[in-house]
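One structure below.
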Amino acid sequence: MTRRFAVLIALTLLLAGCGDNAGNEFNKGRGFAEREDWDTAIASYSEAIRLKPDYADAFFARGGAYGKKGEVDKAIQDWTEAIRLKPDDAKAYYYRGAGYQIKGKSDQAIKDFSEAIRLKPGYADAFLLRGAEYSVIPGELDQAIKDYTEAIRLKPDLANAYINRGNAYDEKGESDAAIKDYEAVIRLTPDDASAYTRRGYAYQKKGKYDMAIKDYSEAIRLKPDDADAFFERGIAYEKQGDKAKADADFAKSDALNAKK
């Protein structure tokens with residue numbers, strides 16, 4: 001065996017060992033992340049990256065840990081590096097888009113969600129978040145509804161897509177369509193107090209105060225500290241001319257808000 005060949009073998013084994021060690025550190029990081037020990041998880045992912053600087057999955061995972069800590073800028077940096085190393089990774093674009101969404105950078109968020117969808121056309125969650133971003137842009141409610149509808153088509157049990165689409169319909173003044181979506185949310189997640197509050201509000205806009213009060217009361221049963229439900233029920237009682245019940249609900253709403 002020539003000396004040069006021996007050196008090549010040794011170098012190959014050394015690099016393989018670094019890869020194994022990097023994988024071990026990555027797995028340790030995942031274990032810490034499962035226990036929500038984000039600082040230790042980040043330390044393990046960082047060691048994996050030190051051992052293997054092109055470890056795209058470690059950058060992605062460390063970005064997730066930073067995100068859980070609320071360090072969104074660091075998370076975006078790591079997801080950007082993960083994308084550079086693995087440009088066809090739809091989930092990295094999705095998570096970076098979510099990071100931009102938190103930062104209020106709509107154009108960049110939509111661009112990333114769109115790229116995630118291009119890479120993975122069946123990505124229901126990417127349609128959901130892109131719809132949420134469109135919903136806050138003036139004049140884009142129809143596009144938001146289109147995205148929520150596609151998310152529902154791809155994932156019929158995605159409750160957040162129904163409630164977001166219901167909210168969009170409600171904002172457009174389409175109360176019947178909104179009520180239908182809130183009913184779907186209640187069917188999927190019957191303990192979701194907010195769905196009852198939203199449906200109650202839609203009934204209230206239609207002048208169906210008895211049905212609105214019934215929904216607000218169920219929301220309050222599920223979430224006794226729901227100040228909004230007390231307030232809206234107070235308005236419904238007021239519309240019915242029941243001043244005593246209305247005043248009682250307004251007082252309860254004020255008391256709950258004062259505790260926040």
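All of the numbers you see were taken from the coordinates with simple rules; none came from a lab. This is a predicted model, so every value here is computed, not measured. Neighbour counts run over all protein chains shown; Cβ positions are idealised from the backbone, glycine included.
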- Task: Any chance you could run the full-extension gain for ASP88 through VAL136? It's 0.36 nm times the residue separation minus the Cα-Cα distance, nm to one decimal.
- Result: 14.4 nm
- Task: For ARG153 paired with ASP247, estimate the spin-label separation in nm (one decimal), with each label point 7 Å from Cα along the Cα-to-Cβ line.
- Result: 5.4
- Item | Distance (nanometres) between label positions extended 7 Å along Cα→Cβ at ALA258 and GLU171 | 3.4
- Query: Which ordering of VAL72, VAL136 is given by a fewest-first count of other beta-carbon atoms within 10 Å?
  - Reply: VAL136, VAL72
- How would you rank ILE83, ILE179, going from fewest to most other Cβ atoms within 10 Å of each one's own Cβ? ILE83, ILE179
- Evaluate E = 1/(1 + (r/R0)^6) for ARG50 and THR189, where r is the Cβ-Cβ distance and R0 equals 41 Å; express this FRET efficiency to the nearest 0.05. 0.40
- Tell me, what HN-Hα J-couplings in whole Hz come from the Karplus equation 6.51 cos²θ - 1.76 cosθ + 1.60 at θ = phi - 60° for each residue of the stretch 197-208, using x for Gly and Pro? 4, 5, 5, x, 5, 5, 4, 4, 5, 8, x, 8
